[in-house]
Amino acid sequence: MTDLSILFQNVSFTYDKATQPLIRDLSVHFTRGWTGIVGANGVGKSTILKLATGNLEPQQGRVMIPELAIYCQQRTENAPDQLYDLIHAINSEAFRIKGRLGVEDDWMRRWTTLSHGERKRAQIAVAMWRKPQVLAVDEPTNHLDAEAQDLLFAAVSTFQGVGLLVSHDRKLLDDLCHQCLFVEPPDAILRPGNYSRGLRQAEKDEMTVQKKRLQAKHGFLRLKREAAKRRDTASRAHRKRSKRGLALKDHDARGKINLARVTGKDGIAGKRLNQLEGRLSQARTKMDGFKVKKTYKMGIWISGAKSKRNTLFNLPAGSLPLGGDRRLHFPDLSMKPDDRIALTGLNGSGKSTLIGYIMRSLNLPENHVTYVPQEIDAHASQDVMSRARDLPNEKLGKMMTIVSCLGSRPHRLLESAEPSPGEIRKILLATGIANVPHLIVMDEPTNHLDLPSIECLEQALMGCPSGLLLVSHDRRFLKALTRRRWHLSQDPKDKDLYILVEQ
């Protein structure tokens, strides 16, 4: 097999209207096998994938890429270009890939009714069927249930080319990647090993830098104190050799000063000070050379409130279409003001469909409901950004504070022409929090968020007094936050029928 790789040489990239480069002077070599691209929301992970597959051109430097490179983006609203060809292909490779990722023959026809998890599997299947030399996958486990995640891992682990993976799924990064690029603007450092190993090394490196900077700072402060002493000594010496204030006839005093100037004794203190000033400048440069990672305060308090109503909603039993002959049946549903409900089920069982029906049926003031959907398409994202920029100063300030405490830099975010899906979710959540909600509804809330943000959101929701209705495949997240569970399961006698059961 030929040697495959991607080479970045001094690559810089800045989006229009941004005041600072997103990627600056990046040089990195991606070899065959999987490389994880990790970092906080908005630091440029997706941009690196687009540069590595030719979907973006660098403004400085160059990227050398093999002939066929495919980028699987985070968004899933549009069907992959060659999905129809894959579904109707009759060769063994097509059958193998469709079987491995569970792609069904009617998915093209009913694309709009597929869950985002099913769409993601279709996207990956088409990409692998095309046999690329480079496969860049952006958050592939978003929306996927546990069974689908196993299918995905089994498929991508067989890939033999150069694989680039952006993910907040620690298990996938650990099981799949042989190296990870840690993106921490303005730096990006490639470390060998999986995510956990690279993270441990990153923590050790940061501790070493902090220790060396502290030592350099102590040396700088010691020289600074010495310089202050010598400056004082030089000042006193200057006053002693000055003739100002001496009487014209005081020839003895004037003679002593002239002698000191001739012999050079009057300038010793000044020369010593100049020498020390040079050492002081070098010490400052050395101290500033150790760049310590800047940390930001994390953690938010969701200022929700408990509704004074007896119930947030009461819905009679009913049935909802799921596309084709598939339907979801549900019993009477009600939610009390302090209920915390988890909605679970396999991909395609109708979770998002039911959430949509509940949202349309609510009889609550709009400003008392915070809703974060499973996916926010490009058009809706632009609308969210536009409304955020138009907020009154007080609400804009509060929203930006919350976004900052969720780990993103709000000023950079607001000037961005294309915020990441994770950043859009943070803005939508922060805007809703500012309204003191009585009900928070979140469909796959951990999708697209970086790991510190997920932990921060979980802690914030724990202390929130409002009602919670959460859809998630993250069992740990649901266990920490919910007390009731609505589960959607397939009727064993009818594969087209899903039934909601409270557990």
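The values are calculated or read from the model by the stated rules, or taken from the named source; none is laboratory data. Only a predicted model underlies this, so the values are computations on that prediction, with no experimental measurement involved. Here Cβ is always computed from backbone atoms with ideal geometry, including for glycine, and neighbour counts include all displayed protein chains.
Of note:
- Any chance E57 is in a loop (DSSP other than H, G, I, E, B) and modelled with pLDDT under 90: no
- Just one residue in the set V441, V471, V384 is touching an Asp or Glu at 6+ places or on another chain (Cβ under 6 Å) and at pLDDT 80 or above; that residue is V471.
- Some residue of segment 40-56 being outside the structural domain of P452 (by TED's automatic domain parsing), buried (at least 21 other Cβ atoms within 10 Å of the Cβ) and either over 30 Å from G198 (Cα atoms) or among the charged types (D, E, K, R) (or both): yes
- Taking the listed residues L461, L488, the one that is closer than 28 Å to V43 by Cβ and aliphatic (A, V, I, L, M) is L461, with no other qualifying.
Residue-wise test of (1) modelled with pLDDT under 90; (2) under 26 Å from T31 (Cβ atoms); (3) not aromatic (F, W, Y).
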position: C180; (1), (2), (3): no, yes, yes
position: V183; (1), (2), (3): no, yes, yes
position: D187; (1), (2), (3): yes, yes, yes
position: K212; (1), (2), (3): yes, no, yes
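- Of all residues assigned to segment 438-448, at least one qualifies as being touching a strand residue (DSSP E or B) at 6+ places or on another chain (Cβ under 8 Å), more than 25 Å from G345 (Cβ to Cβ) and crowded, with 21+ Cβ neighbours inside 10 Å.
- Inspection of segment 341-349 identifies at least one residue that is farther than 29 Å from D106 by Cα and touching a residue at least 24 places away in the same chain (Cβ under 8 Å).
- Selection of segment 97-126 for residues being among the small types (G, A, S) and crowded, with 22+ Cβ neighbours inside 10 Å yields S115, G117, A122, A125.
- Of all residues in segment 463-503 being exposed (fewer than 12 other Cβ atoms within 10 Å of the Cβ) and among the basic types (K, R), the one that is farthest from L346 (Cα to Cα): R483
- In segment 63-96, the residue that is surrounded by the fewest Cβ atoms within 10 Å (Cβ to Cβ) out of those that are touching a Leu at 6+ places or on another chain (Cβ under 7 Å) and of a type in the set (A, V, I, L, M) is M64.
A quick yes/no check of all residues on (1) outside the structural domain of Q133 (by TED's automatic domain parsing); (2) of a type outside the set (A, V, I, L, M); (3) crowded, with 23+ Cβ neighbours inside 10 Å; (4) touching a Ser or Thr at 6+ places or on another chain (Cβ under 7 Å):
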| site | (1), (2), (3), (4) |
| --- | --- |
| F153 | no, yes, no, no |
| Q160 | no, yes, no, no |
| L164 | no, no, yes, yes |
| C177 | no, yes, yes, yes |
| V183 | no, no, no, no |
| I189 | no, no, no, no |
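- Candidates K495, K426: the one that is touching a residue at least 12 places away in the same chain (Cβ under 8 Å) and not aliphatic (A, V, I, L, M) is K426.
- Selected residue [outside any helix (DSSP H, G or I) and modelled with pLDDT under 80] from A247, A234: A247
One line per residue, one yes/no per condition, for (1) in contact with a helix residue (DSSP H, G or I) (Cβ under 6 Å, 6 or more places away or on another chain); (2) surrounded by fewer than 18 Cβ atoms within 10 Å (Cβ to Cβ); (3) aliphatic (A, V, I, L, M); (4) not in a strand (DSSP E or B):
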position	(1), (2), (3), (4)
K306	no, yes, no, yes
S319	no, yes, no, no
D338	no, yes, no, yes
M359	no, yes, yes, yes
I376	yes, no, yes, yes
M385	no, no, yes, yes
M399	yes, no, yes, yes
